[in-house]
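Only one structure is covered here, and it is reproduced in the block below.
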Amino acid sequence: MSPEQQNASLRFFKKLKEDCDHKRRLKLVSAAEGVTEIEELQCPAVFDGFTCWDATPAGENAFAPCPDFVTGFEKTRFAFRSCMENGTWFRHPQTGKYWSNYTTCVDMEDLEFREFVNSLYVTGYSVSSAALLISLLIFLTFRLSTSYGSHKYSNMKQPKTVTYHKSLRCTRIAIHVHLFVSFAANNLMWIVWYKQVVGVTKVVQENDIYCQALHIILQYLMVANYMWMFCEGLHLHLALVVVFVKDDCAMRLFYFIGWCLPLFITTVYTLVRMSYPHDTSQCWMGDSYSQWVLIVPVLLSMLASLAFLINVVRVLLTKLHCNSANPAPIGMRKAVRAALILIPLFGIHHILIPFRPEPHAPLEMTYQIFSALLVSLQGFCVSVLFCFANVDVHCAFKNVLRRMRRRRAGDNNGTVTQQTQTREMV
């Protein structure tokens, strides 16, 4: 906790104690004016550091609303403090100190459910991270020979098939790699967030600078995910509709959209949120209107991606029909299909935000489980659609197997030839 935060906390608790002392003085004055002598035995009014407890008759319990500034406490619940028969407050048997019971401030069933949802997030992000790392290993290991299709020219006397091949460094595969990198980094950071921040109440309460920085990094990577998904749709639009675009110029544009634009958006979000002090507590975990700075660009990028893909599908169904003289490459068609699946999948989470049920509402648990599975497994879906189901990856593996068979067959032929020569010499 920074010195400024420590000073703010000290001022806050000092004010709580002053308010409690003031309230106690007012009650003493009113008691002196009304009743001059108190016959029953009472435990005195006291401030325990969190709550101001009124004077309570011996043998009874005092109740007070749970403090809302303590992480995990519900302000709708009540804490209590027991006044013993001898007119003294209850002492904890282990510490021997006066003790207020705040265990009732935590809804244990709700806490167990939140921990279950957090474990779902961690499990889903772990599965997605493993799939993304395997996909990156595949893309970076194999020199994929990416066929962009066979184009037959009908104006030639003898039909000639021209096939364009590009390596792993082609624009489409490069965009896949950057998308996977952004997703893998985002998933790994979310695992750290749930393990080191969400699961540690002390970290959330102290609100150290590193947990705030981690929140900002997470938002940057989240926006980068969606911007690279936008680049997927934009590339398909440029490749199939615009056509005449240099790869180098396109990649520079994609680098700016995928990595630089999210940095600008996240910086604006950070500055806006920092301007509201009540939004910067508890590692910035609470909801804030400043989050719309992130949500609006993400939704706009997804709407634009959807518009690009709808136009690409129109082109595929008309100008590049499979029966036409210029059929669409199968790899490109599968990329369009994968993007059409992912865009709605990515957008559902943000579309449902305004309809999120209130805490403890009947559908709140269903929403939380659905959201955890949907968000944490997005990276896995990306890996399946863009890598594991990628025809270029399948061709690469087939080529490797084919070369291994040829090499094995060549070694066997060499061995047979050598044995034959040896027999002839004998």
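For the range 178-217, the solvent-accessible area of protein heavy atoms averages 44 Å² per residue (probe radius 1.4 Å; ligands and nucleic acids excluded).
By accessible area, using a 1.4 Å probe on protein heavy atoms only, the range 168-239 has 66% of its surface on carbon and sulfur. Could you please report the charge total around ARG81, scoring K, R as +1 and D, E as -1 over all other residues with beta-carbon less than 12 angstrom from its beta-carbon? So the surrounding residues net to -2.
Given a 1.4 Å probe and the protein chains as shown, ILE217 ends up with an accessible area of around 80 Å².
If Lys and Arg each add +1 and Asp and Glu each add -1, what is the summed charge of the other residues whose beta carbon sits under 11 Å from the beta carbon of ASP110?
On the way: positive: ARG77, ARG114; negative: GLU74, ASP107, GLU109, GLU112, GLU115, GLU364.
The answer is -4.
Put simply, the amide H of ALA79, placed in the peptide plane, has neighbours under 5 Å in ALA64, CYS66, leaving out anything fewer than 5 places away on its chain. Across the protein chains, with a 1.4 Å probe defining accessible surface, the residues LEU240, LEU16 rank LEU16, LEU240 from largest area downward. Per-residue accessible area for TRP99 at 1.4 Å probe radius, Å² rounded to 10? Here the accessible area works out near 90 Å². Amide H contacts of GLY72: none lie under 5 Å away among residues 5 or more positions distant or on a separate chain (H built 1.01 Å from N in the peptide plane; Pro and chain starts excluded). Given a 1.4 Å probe and the protein chains as shown, TYR194 ends up with an accessible area of around 40 Å².
The values are calculated or read from the model by the stated rules, or taken from the named source; none is laboratory data. Not measured: the values here are computed from a predicted model. Note that we place each Cβ from the backbone using ideal geometry, even for glycine, and neighbour counts take in every protein chain shown. The protein model used for the area step is the full one, side chains on, heavy atoms only, and it has no ligands, DNA or RNA in it. Shrake-Rupley method; radii C 1.70, N 1.55, O 1.52, S 1.80 Å.
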